[in-house]
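Enquirer: So that we are looking at the same thing, I have put the structure below in structure tokens.
Just so it is clear, none of the values below were taken in a lab; they were calculated from the coordinates. Because the structure is predicted, anything quoted here is derived from the model rather than measured. Here Cβ is always computed from backbone atoms with ideal geometry, including for glycine, and neighbour counts include all displayed protein chains.
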Amino acid sequence: MAQGERTARVAEQIQREAATVFLEEVDDPLLRSVTVTGVRVSSDLRHARIFFSANPEQRAELEQRAKRFEPFLQRELARRVRLRYAVEITLCYDEGLDNAMRLERIFKELGVGQAAAVDDANGDEDHDHDDDHEGDPGAR
């Protein structure tokens, strides 16, 4: 088995187990609202960055609580994910969802994408609209 495959498999297992711990082992409602969005594991399987997201309005408080939660999560993962060495974890807030929401808001404000979406919904694939000026002699 290639090293990359093993790393990916371990990352998937860590993601599943971390999500389970957040959901089942945490009493804090804010931490329980966390979604584990991804895991990056070092090639030696000793370090993992666990990415999470939740309500962006509570990001600062969430990051503080997550930092205090790291040792517990690390112990749980060492117990649940059988590796030669206990993986050292770092919890990282995933900004991807926040960035996507921010871009969507900007596009809405600019009106970008709405005209194309209306054309697509109407089945209008020709976005050049050359035929819009057929009766106008000054258009050509």
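Enquirer: Read phi for every residue in segment 73-82 and hand back ³J(HN,Hα) as whole Hz from Karplus 6.51 cos²θ - 1.76 cosθ + 1.60, θ = phi - 60°, with x for Gly and Pro.
Expert: Rounded to whole hertz, the list is 4, 4, 4, 5, 5, 4, 6, 8, 9, 7.
Enquirer: Another question, if that's okay. If we count every other residue with Cβ under 14 angstrom of GLU17's Cβ, Lys/Arg +1 and Asp/Glu -1, where does the sum land?
Expert: The answer is +2.
Enquirer: Once fully extended, how much extra length lies between ARG32 and MET101, figured as 0.36 nm per residue of separation less the alpha-carbon to alpha-carbon distance?
Expert: Contour length minus Cα-Cα distance gives 22.7 nm.
Enquirer: What does the convex hull of the Cα atoms of segment 3-94 come to per residue, in Å³, rounded to a whole number?
Expert: 78 Å³
Enquirer: Sequence-distant or interchain residues sharing an amide H contact under 5 Å with GLY38, placed H: which?
Expert: Answer set, sorted by chain and number: PHE51.
Enquirer: Testing the spin-label approximation: label points 7 Å from Cα along Cα→Cβ at ALA8 and THR90. State their distance in nm.
Expert: Label-label distance for ALA8 and THR90, simple model: 2.4 nm.
Enquirer: Moving to a separate point now. Using +1 at the C-beta of Lys and Arg and -1 at the C-beta of Asp and Glu, which of VAL41, PHE51, VAL21 has the Cα lying farthest in the positive direction of the dipole of segment 3-94?
Expert: VAL41
Enquirer: Now for a different question. Just for segment 3-94, what percent of DSSP beta bridges are antiparallel, to the closest 5?
Expert: Close to 50 percent.
Enquirer: Do any GluC sites (Glu not before Pro) in segment 61-106 lie in a DSSP loop with no more than 15 other beta carbon atoms within 10 Å, and if so, which?
Expert: GLU95
Enquirer: Using the crude model of +1 on Lys and Arg Cβ and -1 on Asp and Glu Cβ, and no other charge, please compute the dipole size for segment 3-94 relative to its Cα centre, in debye to 20.
Expert: Here segment 3-94 has a charge dipole of around 420 debye.
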